[in-house]
Amino acid sequence: MSTIQWLDDYQEGLKRADKEKRPLFLDFFKDG
Amino acid sequence: MTYPDNQVAECLNTHFIPVQVDIEKAGKLAAQYQALWTPNLNVISGREERVYHIIGWLPPSELAAVLHLARGHYFLSRKKFDEAASAFETLTDRFSRSLAAPESMYYTGVARYLSSHDVEDLKKAWQALQVRYPNTEWSLKSDVL
């Protein structure tokens, strides 16, 4: 089973999205 | 959310930068994206433009399809029309029974037209849409030609 390589930092994700020319997939979840 | 699925995981890892945030701790970020309900999935460019938005649960097969739709919209927003068309066509080819397939065919036509400036490319895609997915919102929208 593949594991998703989640980031938990939006700004870090945004930087990577811009640098790597990939879209950011932002998942707002509710714990519990 | 629908994550214990290889197809979804591989697509996210390969084609996206996946970020997960607890909505109750997200504060301004949740306000920025008007996130009131979960699941709440946002596809965002590096320039912070939201190009696709999904609210509510989807089964794995639908989410896997919709990720290709979101990629297509991402490429459209960056004016990479050939890449957009390819993403949309991948959805139609691999997920033809998906609820997202009609929209994908619609935007295939849009992307091909924006790339070629040839209205015949648009007509061809939209005629195929009307045959393959009649009585859908996207078939109706394409009926303008």
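With both residues required to sit in the protein assembly as shown, DSSP beta bridges show an antiparallel share near 60%. Averaged over residues, the count of other Cβ atoms within 10 Å places the peptides B:12-25, B:67-80 in the sequence B:67-80, B:12-25, highest first. Solvent-accessible area per residue in region B:2-101 equals 47 Å², computed with a 1.4 angstrom probe and all protein chains kept.
In this Cβ point-charge picture (+1 for Lys and Arg, -1 for Asp and Glu), region B:1-112 has a dipole of about 320 debye about its Cα centre. With all protein chains in place and a 1.4 Å probe, the accessible surface of region B:1-103 carries 51 percent carbon and sulfur. Remark: for residue pairs A:Lys30/B:Lys25; B:Lys28/B:Lys79; A:Lys21/B:Lys79, the C-alpha separation exceeds 18 Å in B:Lys28/B:Lys79. Interface residues of region A:1-18, defined as those losing at least 30 Å² of solvent-accessible heavy-atom surface relative to the isolated chain (probe radius 1.4 Å), are listed as A:Met1, A:Ser2, A:Ile4, A:Gln5, A:Trp6, A:Leu7, A:Tyr10, A:Leu14, A:Asp18. Please report, to two decimal places, log10 I(q)/I(0) for the protein assembly as shown at q = 0.12, 0.14, 0.16 Å⁻¹ as given by the Debye formula with identical point scatterers on the Cα atoms and no solvent. Debye intensities relative to I(0), on a log10 scale: -0.56, -0.75, -0.95. Scattering from region B:54-145 was approximated by placing one identical point on each alpha carbon and applying the Debye formula without solvent; log10 I(q)/I(0) at 0.13, 0.23, 0.24 1/Å stands at -0.38, -1.13, -1.20.
Once A binds B, the 1.4 Å probe can no longer reach about 3300 Å² of accessible area, counting both sides.
The values are calculated or read from the model by the stated rules, or taken from the named source; none is laboratory data. Source: prediction; values computed, not measured. Please note: Cβ atoms are built from the backbone with ideal geometry, for glycine as well, and neighbour counts cover all protein chains shown. To get the accessible areas, we keep the full protein, side chains included, count just its heavy atoms, and leave off ligands, DNA and RNA. Shrake-Rupley method; radii C 1.70, N 1.55, O 1.52, S 1.80 Å.
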